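Data first, discussion second: the structure below is written as structure tokens.
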Amino acid sequence: MPSHRRDGGDAMNLIRRSRYSFDDARHVAQALQPSYPVYCLRPHVLRRAARRFVELFPGKTLYAVKCNPHPRVLNALYDGGIRAFDTASLPEIAQICETWDDADTYFMHPVKPRAAIGMAHRVYGVRVFAVDHANELRKLAEETRGVPGIVAVVRFKTEKSGSLFHLAEKFGAEPSEAVELLREVARLGMKPGIAFHVGSQCLDPSAYRDAIRVAREILDASGIRPACLDIGGGFPAPYLGTDAPSLEAFMAAVGEGLATLDLPEDCEVLAEPGRALTAQGCSLLVQVQLRKGDRLYINDGVYGSLSELVAVDLKLPARAIRLDGDVEGQFCMFSIAGPTCDGLDMVANACLLPDGIREGDWIEIDRLGAYSNAVAARFNGFHPETFVDVADEPLGDNPC
Ligand SMILES: Cc1ncc(COP(=O)(O)O)c(C=O)c1O
């Protein structure tokens, strides 16, 4: 059977069993002619992003596993120097600890099942846990009673400050509560730490400086000397039209903030980047199943890899691929409709593509390494799960 007729399960099993490696997404389309979505992973880009962050950040870099937990993504980041991981659940902790002996896991979800706290420290030796409420702190104290060296990291709320995804409505203690929580951590015999997250895809470096100032005020008011200061994630990816400041600009703001603190010598400074390390490390090859005017029905959508596109206004570079010629015509804005029968599975004004695009063509949508496969559901039986390696660089900003 020719490979392009081998659809769905068969082809995906074949790909999972062998390590497919291609020059670029066009080569993937030629070889597999896939009617299912294919993630084109760029391990060299992931390694480079990890190396750069580790070099620039004046502390310990924890990769936020939730952002993209695919084993090949984790491997590439490990190869780039990541040895510590921000984990949100027991399965993430298990995944990291069962993969590497020399990796540290930090349990940074502010709300944890009791059983997961117990397993995390008993089975996997986790010592650092986030809290943002007195009852969670009590839970942590009860589940780790008698265990030496537990660090309870108090996460406080940050102001809404230039981030596309604000997290402070769900997590973080008010600064005044954080003061009390830090004192309570010490009273309970644990080591206190302090943390914040400015929100994901933050475009304003001063958000970090401001949050570090609030951390200083909280520490001063509590009289606590912290075991760690965790500045969270939030560093942006260069999506189209975002004009994101450089990582250097963010690190300069972080450095300015840190310089105002009088941290104990053994205080660990931590960051938990996700998106900034992975977004550019993976694109997605999808196929057009039907065109209706300026709407393209494709084989992945908002219940798969594209959920962030409906949550916020986020634009991605894309290019059209046809095997027997070029896709011609002026560039126009197309909406995208995903493969499910659900009416919400659509993204308006999603991609600029040549007007000649038609059924059977492929589209490579770039910068989809963050919060894509990680959040994909199995709705209607569709689930993007095929990964191949590609050797080229990410698409440039120009969608041509
Ligand atoms: C606790 C925590 N740390 C780190 C991250 C990673 O954030 P980002 O991908 O914006 O760097 C998140 C994302 O939700 C988070 O909740």
Report the charge-dipole magnitude of region 164-265 in Debye, nearest 20, computed about the Cα centre from +1 at each Lys and Arg Cβ and -1 at each Asp and Glu Cβ.
280 debye
Amide H partners (placed H, <5 Å) of residue 154, local residues excluded:
131, 193, 194, 195
Run lengths n ≥ 4 of DSSP H only: what is the helix-derived mean residue ellipticity at 222 nm for the chain, with -39500 (n - 2.57) per run over all residues, to the nearest 500?
-9000 deg cm²/dmol
Taking 8 Å as the Cα distance limit and 6 or more residues as the minimum spacing, I'd like the relative contact order of the chain as a percentage.
20 percent
In degrees, nearest 10, range 0 to 90: what is the angle between the Cα axis of helix 134-143 and the longest Cα principal axis of the chain?
80 degrees
Counting other C-beta atoms within 10 Å, and keeping those with at most 13, which DSSP coil GluC sites (Glu not before Pro) do you find in region 341-400?
359
What's the angle, to the nearest 10 degrees (0 to 90), between helix 247-259's Cα axis and the longest principal axis of the chain?
0 degrees
Can you list residues whose amide H is under 5 Å from residue 174's amide H, if they're 5+ apart or on another chain and H is modeled 1.01 Å from N?
157
Taking the number of other C-beta atoms within 10 Å as the exposure measure, put 119, 333 in order starting with the fewest.
333, 119
Mean separation of Cα contacts under 8 Å (6+ apart) over length of region 44-278, as relative contact order %:
21 percent
Taking the beta-carbon count within 10 Å as an exposure proxy, list 340, 260 from fewest neighbours to most.
260, 340
Measure nothing but the geometry: give the 0 to 90° angle between the long axis through the Cα atoms of 175-187 and the longest principal axis through the Cα atoms of the chain, rounded to 10°.
60 degrees
Dipole size in debye (nearest 20) for region 44-278 around its Cα centre, Lys and Arg Cβ +1, Asp and Glu Cβ -1?
480 debye
Once Lys and Arg are counted +1 and Asp and Glu -1 for all other residues with Cβ under 14 Å from that of residue 175, the total becomes -3
For the chain, how big is the tail of P(r) above 32 Å, as a whole percent of Cα pairs?
38 percent
Environment charge at residue 263 (Cβ cut-off 15 Å; Lys +1, Arg +1, Asp -1, Glu -1):
-3
Counting sequence-distant residues (5 or more places) and residues on other chains, those with an amide H built under 5 Å from that of residue 22 are 389, 390, 391
Between region 292-359 and region 108-123, how far is it from one alpha carbon centroid to the other, in angstrom?
41 Å
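Read the figures in this text as sums done on the coordinates, not as results from a lab. What you are looking at is a predicted structure, and each value in this text was computed from that prediction instead of being measured. In this analysis, Cβ positions are derived from the backbone assuming ideal geometry, glycine residues included, and neighbour counts consider all displayed protein chains.
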